[in-house]
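Asks: Have a look at this one.
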Amino acid sequence: MKAKVYVTLKPGVLDPQGKAIHHSVELLGFQNISDIRQGKYFEIELDGNLSASEAKELVSKIADEVLANPVIENYRVEIES
Amino acid sequence: MKYGVIVFPGSNCDHDAYHVISKVVGQPVDFIWHKETNLNGYDAIILPGGFSYGDYLRAGALAKFSPVMKAVKKFAADGKFVLGICNGFQILCEAGLLPGALVRNKNLHFICKHVKLRVENANTPFTNEIKKGQVLSIPIAHAEGNYICDDKTFQELEKNNQIVFRYCNDVGEVTEEANPNGSRSNIAGICNKNRNILGMMPHPERACEDLLGSTDGLKIFSSLTKTIENQTGKNMSDGS
């Protein structure tokens, strides 16, 4: 079983890296891009002993305590069986 | 009195802090490896600058799980003094000992230069030898020093006088131009409500000797040292 965790900056938190990437993308000539925000993505392998809901609970706890800083970031957990 | 300087894997200003306490301030000091779980016998703990755990995940994010941090939390809860410098400030925020967070500098650059700081609160154990409004020259060296917090936290900080240092210009005006990294309200250092924990991005340990161009940082260490001396003296007379 695999869990995927997406960590993104909360709306309103300045993302200078996203802005720099956006700038480069525009310099390359790509158009119709209104904003780019950078985040983090984690893949977590789980052993098969957990139900999907147990896995989600476990990984959400990991995301909350380690992967994301709740002061500035949000996270989303997906479980793949 | 005894100081302790915590050494995380990746700390690199630990020796600077140790040097200043032992040679310039002239007080006993130990290095404390991050696996230590007992901080008995210490009066003040310094979390030094550097790149603990290579800044992996987020600056300070992994150091907060080091065994010593449980002891630091207890140490702070007992009212003893904790000073976080640069990466140490980032660790204190990640650990929840100070509010808010430090994110990437607004201009994305690693900034290493002398800046001016205005002392906003001289009524803390770390600043009581300085006058409110005094301008200090102390260097910064960071890529993630952009202090952010939500409106509610900011109001709390202001209400409780927890903002200790703000970036300012040469004459002490807090201006947008004097803000090197985009920090909210030019915040360079904050303390907790109890005033026994201070986190600051600038490096006072790099400004304690004439050779280094400024001795303003020494005022912070001497304030703290005097505070501890007074406390210890009081405790001793209480006990007699």
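Asks: Among the listed residues B:LEU102, B:LEU98, B:LEU117, identify the single one that is in contact (Cβ under 8 Å) with a residue 40 or more places away in the chain, farther than 24 Å from B:GLU173 by Cα and not acidic (Asp, Glu).
Replies: Testing whether each residue is in contact (Cβ under 8 Å) with a residue 40 or more places away in the chain, farther than 24 Å from B:GLU173 by Cα and not acidic (Asp, Glu) leaves just B:LEU98.
Asks: Can you pull out every residue in the stretch B:116-132 that is of a type in the set (A, V, I, L, M) and not in a strand (DSSP E or B)?
Replies: Listed by number, the residues that qualify are B:ALA122, B:ILE130.
Asks: Test B:GLU156 against the stated conditions and say whether it is closer than 15 Å to B:LEU92 by Cβ, of a type in the set (D, E, K, R) and within 14 Å of chain A (Cβ to nearest Cβ).
Replies: The answer is no for B:GLU156.
Asks: For the stretch B:62-99, enumerate the residues that are within 14 Å of chain A (Cβ to nearest Cβ), crowded, with 21+ Cβ neighbours inside 10 Å and among the small types (Gly, Ala, Ser).
Replies: Hits for the stretch B:62-99 are B:ALA63, B:SER66, B:ALA95.
Asks: Those residues that are among the hydroxyl-bearing types (Ser, Thr, Tyr) and within 14 Å of chain B (Cβ to nearest Cβ), I need them from the stretch A:41-66; list them, please.
Replies: A:TYR41
Asks: Follow-up. Go through the stretch B:188-222 residue by residue and tally those that are of a type in the set (S, T, N, Q), over 13 Å from the mean Cα position of the chain (by Cα) and either modelled with pLDDT under 95 or closer than 19 Å to B:GLY4 by Cβ (or both).
Replies: Matching residues across the stretch B:188-222 total 1.
Asks: Within the stretch B:112-132, is there a residue that is within 14 Å of chain A (Cβ to nearest Cβ), surrounded by fewer than 17 Cβ atoms within 10 Å (Cβ to Cβ) and out of contact with any Asp or Glu (no Cβ under 7 Å at 6 or more places or on another chain)?
Replies: No; the residues of the stretch B:112-132 include none that is within 14 Å of chain A (Cβ to nearest Cβ), surrounded by fewer than 17 Cβ atoms within 10 Å (Cβ to Cβ) and out of contact with any Asp or Glu (no Cβ under 7 Å at 6 or more places or on another chain).
Asks: Mind listing whichever residues of the stretch B:138-173 are polar (S, T, N, Q) and either in contact with a Pro (Cβ under 7 Å, 6 or more places away or on another chain) or closer than 25 Å to B:ARG104 by Cβ (or both)?
Replies: B:ASN146, B:THR153, B:GLN155, B:GLN162, B:ASN169
Asks: Could you check how many residues of the stretch B:102-111 are part of a loop (DSSP other than H, G, I, E, B) and either more than 14 Å from chain A (Cβ to nearest Cβ) or of a type in the set (A, V, I, L, M) (or both)?
Replies: Counting residues in the stretch B:102-111 that are part of a loop (DSSP other than H, G, I, E, B) and either more than 14 Å from chain A (Cβ to nearest Cβ) or of a type in the set (A, V, I, L, M) (or both) gives 1.
Asks: If the Cβ limit is 7 Å and pairs must be 6+ apart or interchain, which residue in the stretch A:11-38 that is within 14 Å of chain B (Cβ to nearest Cβ) pairs with which residue that is of a type in the set (Lys, Arg) and surrounded by 10 or more Cβ atoms within 10 Å (Cβ to Cβ)?
Replies: From residues that are within 14 Å of chain B (Cβ to nearest Cβ), the pairs are A:LEU14/B:LYS106; A:ASP15/A:ARG37; A:PRO16/B:ARG104; A:PRO16/B:LYS106; A:GLN17/B:ARG104; A:GLY18/A:ARG37.
Asks: Given the conditions (1) on the phi < 0 side of the Ramachandran plot; (2) touching a strand residue (DSSP E or B) at 6+ places or on another chain (Cβ under 8 Å), report the number of the one that B:GLY133 does not fulfil.
Replies: If we test B:GLY133 against (1) on the phi < 0 side of the Ramachandran plot; (2) touching a strand residue (DSSP E or B) at 6+ places or on another chain (Cβ under 8 Å), just (1) comes out false.
Asks: How many residues are surrounded by 21 or more Cβ atoms within 10 Å (Cβ to Cβ) and polar (S, T, N, Q) when one looks only at the stretch B:1-48?
Replies: Going through the stretch B:1-48 one residue at a time, the tally reaches 1.
Asks: Looking for something closer than 24 Å to B:LYS80 by Cα, more than 14 Å from chain A (Cβ to nearest Cβ) and in contact with a Ser or Thr (Cβ under 9 Å, 6 or more places away or on another chain) - is there at least one such residue anywhere in the stretch B:165-172?
Replies: Yes, because at least one residue in the stretch B:165-172 is closer than 24 Å to B:LYS80 by Cα, more than 14 Å from chain A (Cβ to nearest Cβ) and in contact with a Ser or Thr (Cβ under 9 Å, 6 or more places away or on another chain).
Asks: Can you pull out the residues in the stretch A:21-41 that are within 19 Å of the chain's Cα centre (by Cα) and surrounded by 13 or more Cβ atoms within 10 Å (Cβ to Cβ)?
Replies: Those that are within 19 Å of the chain's Cα centre (by Cα) and surrounded by 13 or more Cβ atoms within 10 Å (Cβ to Cβ): A:ILE21, A:HIS22, A:ILE36, A:ARG37, A:GLN38, A:GLY39, A:LYS40.
The values are calculated or read from the model by the stated rules, or taken from the named source; none is laboratory data. The model shown is predicted, which means the values in this text are computed figures rather than measured ones. Every residue, glycine among them, receives a Cβ derived from its backbone with ideal geometry; neighbour counts consider all protein chains shown.
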